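Engineer: Below you'll find the structure I mean.
Rule-based calculations on the coordinates, nothing more; no lab input. Just so it is clear, the model here is predicted, and its values are computed rather than measured. Here Cβ is always computed from backbone atoms with ideal geometry, including for glycine, and neighbour counts include all displayed protein chains.
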Amino acid sequence: MEESIQRTQTDELKPSVTSVGAIGWARSNLFNGVFNSILTIVTLYLLWEIIPPLFQWAFIDSVWHTTGKACRGIDGACWSIIPTNLRFIIFGFFPYESQWRPLLAMFILFGLLFYSRDRKHWTKYLGYGWIAGLFVMGLLMKGGLFGLTPVESTQWGGLPLTLLLSVFGLTAAYPLGVVLALGRQSKMPGVKWLSVIYIELIRGVPLISLLFMSSIIFPLFLPEGITINKILRAQVAIILFTAAYIAEVVRGGLQGMSRGQYEAAESMGLNYYLTMRLVILPQALKIVIPPTVSILISAFKDTSLVVIIALYDVLKTTQSVLSNPEWMGFSREAYIFVAILYFLGCFSMSNFSRKLEKELSAGEQQ
């Protein structure tokens, strides 16, 4: 008798079907008020009007292997523009018979980046691997040794150039930004004000102006007969621009450190260099991982601005394909493909930052 009473009471305490599961989640998140209910209905209606036609245009009515002229009479997407012009979009004007070289260089870079994702691999041997890998990549792109035909940097383009500007730019900008942040926090007036002037001056102008200066104005001040590679000038402009923003983010992390951390380091007899390297910077840089990655992602996307100084990155090669009369009018398909490439790069950086932040937080909790 008692068991039946307890069972009846337990059955009475069960939540209703409409308050748990998918129905309960929808009621609490999508239909928990008049305004939210109206907004949900309007959103669903817009999705119904947009997604089915987009899906039909992109997949059902689309064509993948035909010429530009044959695409003129179809209602769907002409994805043929991608496979037909893929080698030019990816490699630009790099000699056709030697395009295996930038392809191999990209695979080496991707391999190094993938191997570096695990913090357990962060040893001095990884540094040696990066040095050797960068040397091999430069050799493959430039040529001139081991029977490789020399290729002028003016013929570099497409995705390898985008990766070159972004990876090398971000790698060099980060330590420079940390140095500038430390300089702005310095007690030496000369170092502090030089850092302040540099950071505020660079942050006060857009990246486009720096690219124009590096491409057009800077060569005017060079002695006659001396020239500097356009890619190198653009690379330096990207590094200087990104470093100024990273410096401000790192400075925020340094200001977030308590005075007790400095006093503890002083009590152990650590000098300024050891205090920053072993105590302050590891904690400050961990705090500012999210905003730092946001700046790095923005800098990665800003490399597309080099098209204005006639560098054939992956966006410029795509625009060159669209200037071909055969493929005019298919810009949506081409730019969607380029957007996917940029999304994969940005998503990989964001995903790695979350993984790194989680690992550092877990180590702190232990």
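Engineer: Between region 264-330 and region 126-195, how far is it from one alpha carbon centroid to the other, in angstrom?
Structural biologist: When both Cα centres are located, 12 Å separates them.
Engineer: Only four residue types carry charge here, +1 at the Cβ of Lys and Arg and -1 at the Cβ of Asp and Glu. Report the dipole size of region 95-150 about the Cα centre in Debye, rounded to the nearest 20.
Structural biologist: Numbers: 6 positive and 2 negative charges, 56 e Å.
Roughly 260 debye, rounded to the nearest 20.
Engineer: Among the complete DSSP H segments of the chain, which ones combine at least 24 Å of alpha-carbon extent along their axis with a mean Kyte-Doolittle hydropathy of 1.0 or more?
Structural biologist: Both cut-offs are met by 34-55, 124-142, 230-255.
Engineer: Could you calculate the FRET efficiency of Lys355 with Lys301 from 1/(1 + (r/R0)^6), where r is the beta carbon distance between them and R0 is 25 Å, rounded to 0.05? Walk me through the numbers on the way to the answer.
Structural biologist: Values: r = 21 Å, r/R0 = 0.84.
For R0 = 25 Å, the calculated efficiency reads 0.75.
Engineer: Normalising by the residue count of the chain, find the relative contact order in percent from Cα pairs under 8 Å and 6+ residues apart.
Structural biologist: Dividing the mean separation by the residue count of the chain yields 17 percent.
Engineer: So how much slack lies between Gln319 and Arg87, counting 0.36 nm per residue of separation and subtracting their Cα-Cα distance, in nm?
Structural biologist: 82.1 nm
Engineer: With N set to the number of residues, divide the alpha-carbon radius of gyration of the chain by 2.2 N^0.38 Å and report two decimals.
Structural biologist: Working: Rg = 27.4 Å, N = 366, 2.2 N^0.38 = 20.7 Å.
Taking N as the residue count of the chain, the ratio is 1.32.
Engineer: Phe218 label point, 7 Å along Cα→Cβ, cut-off 13 Å on backbone N: hits in region 233-269?
Structural biologist: Zone members listed by number: 233-242.
Engineer: Continuing with the same structure: For Ala339 paired with Arg72, estimate the spin-label separation in nm (one decimal), with each label point 7 Å from Cα along the Cα-to-Cβ line.
Structural biologist: Computed distance between label sites Ala339 and Arg72 equals 2.7 nm.
Engineer: Quick check: net charge around Ile238, other residues with Cβ under 15 Å of its Cβ, Lys/Arg +1 and Asp/Glu -1?
Structural biologist: Computed value for this residue: +2.
Engineer: Once R0 is set to 41 Å, what does the formula 1/(1 + (r/R0)^6) return for the Cβ-Cβ distance between Ile38 and His65, expressed as a FRET efficiency to the nearest 0.05?
Structural biologist: In this case the efficiency is close to 0.35.
Engineer: While we're on this one: So, in the chain, how many Lys pairs have Cα atoms under 19 Å apart, if the pair is 8 or more places apart or on different chains?
Structural biologist: Final tally of qualifying lysine pairs is 8.
Engineer: Follow-up. Putting +1 on Lys and Arg Cβ atoms and -1 on Asp and Glu Cβ atoms, find which of Met257, Tyr273, Phe343 reaches farthest to the positive end of the dipole of region 238-366.
Structural biologist: Toward the positive end, the furthest listed residue is Met257.
Engineer: How much net charge surrounds Val249 when only other residues with a Cβ under 13 Å from its Cβ are counted (Lys, Arg +1; Asp, Glu -1)?
Structural biologist: Spelling it out: positives minus negatives among the neighbours equals +3.
Engineer: Would you please classify the overall shape of region 95-150 from the alpha carbon gyration tensor, given that a ≥ b ≥ c denote the square roots of the eigenvalues, rounded means a/c under 1.5, and beyond that prolate means a/b larger than b/c while oblate covers the rest?
Structural biologist: It comes out oblate by the Cα gyration axes.
Engineer: Now, a different point. Once fully extended, how much extra length lies between Gln261 and Lys124, figured as 0.36 nm per residue of separation less the alpha-carbon to alpha-carbon distance?
Structural biologist: On the way: separation 137, 0.36 × 137 = 49.32 nm, distance 2.81 nm.
Extending this stretch completely gives an extra 46.5 nm.
Engineer: Sorting check: for 183-191, 220-228, 31-39, which peptide has the highest mean count of neighbouring beta carbons within 10 Å, and how do the rest follow?
Structural biologist: Taking the mean over residues of other Cβ atoms within 10 Å, the ranking is 183-191, 31-39, 220-228.
Engineer: Moving on. Report the label-to-label distance for Leu54 and Tyr272 in nanometres (one decimal), using points 7 Å from each Cα along the Cα→Cβ vector.
Structural biologist: My value for the distance between the label points is 5.4 nm.
Engineer: Now a separate question. Can you work out the FRET efficiency for the pair Leu145 and Trp25, with r the C-beta to C-beta distance and R0 = 45 Å, to the nearest 0.05?
Structural biologist: 0.15
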